1. If you find the alpha carbon centre of segment 1-33 and of segment 47-113, how far apart are they in angstrom?
2. Apply the Karplus curve 6.51 cos²θ - 1.76 cosθ + 1.60, θ = phi - 60°, to the phi angles in segment 61-67 and return the couplings in whole Hz, x for Gly and Pro.
3. Kindly rank 90-102, 67-79, 37-49 from highest to lowest mean number of other beta carbons found within 10 Å of each residue.
4. Distance from a point 7 Å along Cα→Cβ of SER102 to each backbone N in segment 63-92: keep the residues under 15 Å and list them by number.
5. For ASP69 and ALA28 in the same chain, what is the full-extension length gain: residue separation times 0.36 nm, less their Cα-Cα distance, in nm?
6. Which value in nm describes the separation of the simple spin-label points at ALA111 and THR18, placed 7 Å from the Cα toward the beta carbon?
7. Mind listing the long-range amide H neighbours of SER98? Cut-off is under 5 Å, sequence gap 5 or more, other chains count too, H placed in the peptide plane at 1.01 Å from N.
8. Once both labels are modelled 7 Å past Cα along the beta-carbon direction, what's the THR82-ALA59 spacing in nm?
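Throughout, read-outs are computed from the coordinates displayed, never taken from laboratory work. Computed from a prediction, not measured in an experiment: that's the story for all the values here. Note that each Cβ is placed from the backbone with ideal geometry, even for glycine, and that neighbours are counted across all protein chains shown.
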Amino acid sequence: MATREIYKVIAQLSPAATTLTTLYTVPAATETVVSSIIVTNRSNSNRSFRIAISVAGAAIDNKHYIAYDTAIGGNGVQEFTTGMTLAATDVIRVYAGSAELSFNVFGTEIANV
């Protein structure tokens, strides 16, 4: 089976405050390598965030969190350089302590064609 690699901005989101929200779901017949996740605080006040990875879209569980109530300073940026590999239907979910946070995911989608 042939594959096609697509280097791209995988997802961008500024979620509503205090709601766990799907940022990205790996498409069917695709694998994804996440090179980085960047969280930006657009407020000049301290905030917090969460990031979770759910295998095969499983309901959220404590074991899924890679960041939990992580502090981010006013106008700050937090970068996770990961090389994280995700399979089809895996899900990245995020939670913002306030509506002033932005989440960006960069990486490569590897489509089985």
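1. 10 Å
2. Ordered by residue, 3J(HN,Hα) equals 9, 3, 5, 7, 6, 9, 8 Hz.
3. 90-102, 37-49, 67-79
4. Counting backbone N atoms under 15 Å from the label point, the list is 75-79.
5. Value of the extension gain: 11.7 nm.
6. Taking the two extended label points, one gets 4.1 nm.
7. For SER98, whose amide H was placed from the backbone, the distant partners under 5 Å are THR18, SER48.
8. For THR82 paired with ALA59, the spin-label model returns 2.3 nm.
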